[in-house]
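Have a look at the structure below before the remarks.
The values are calculated or read from the model by the stated rules, or taken from the named source; none is laboratory data. Values in this document were obtained by computation on a predicted structure and should not be read as measured data. Cβ: placed from backbone, ideal geometry, glycine included. Neighbour counts: every protein chain shown.
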Amino acid sequence: MEFNVEKCEVMHFTGGTNRNYRYHMDHKVLEVVKEEKDLGVLITNDLKALQQCTAACNKASRDLGMIKKTIVYKSKEVLLNMYKLLVRPHVEYCTPVWSSCYQKDKTLIQRVQHRFTRMIPGFSKLPYCERLKRLGL
């Protein structure tokens with residue numbers, strides 16, 4: 001199999017002795033990167049999911065805003081289907097790979113769902129847990 005040397009990069013995951021080692025392929029030095037996106041998942045050299053969570057939440061929030069501005073008939077069923085179809089996949093894509101153990105990342109993702117539940121007519125004054133229960137989320 002032929003490699004495209006121009007597309008090859010190196011990422012160091014440890015702070016050990018190989019951190020400064022330069023890798024070569026076809027007599028060319030490979031570029032050292034701190035992050036790389038592969039199949040939509042952002043991998044960083046510290047293996048933390050903050051950037052992936054932030055990017056996913058930004059996409060989900062953008063789609064949530066689009067739903068809020070464009071959907072005129074805002075029934076619970078219509079909004080819930082739109083949320084499950086357009087918004088939720090952004091924050092659920094490849095979660096076994098980037099699922100975070102940090103509370104701040106989980107809170108970031110939870111904010112998207114919290115914002116959605118307040119969009120539904122008659123739900124904004126209910127406690128968050130009650131909204132989730134009524135929507136089956």
Apart from one, (1) part of a helix (DSSP H, G or I); (2) at pLDDT below 85; (3) more than 28 Å from ASN4 (Cβ to Cβ) all hold for LYS48; the odd one out is (1)
Which ones in segment 69-100 are of a type in the set (D, E, K, R) and surrounded by fewer than 15 Cβ atoms within 10 Å (Cβ to Cβ)? LYS69, LYS74, LYS76, GLU77, LYS84, GLU92
When segment 30-59 is examined, which residues are found to be among the hydrophobic types (A, V, I, L, M, F, W, C) and in contact with a His (Cβ under 8 Å, 6 or more places away or on another chain)? LEU30, VAL32, ALA56, CYS57
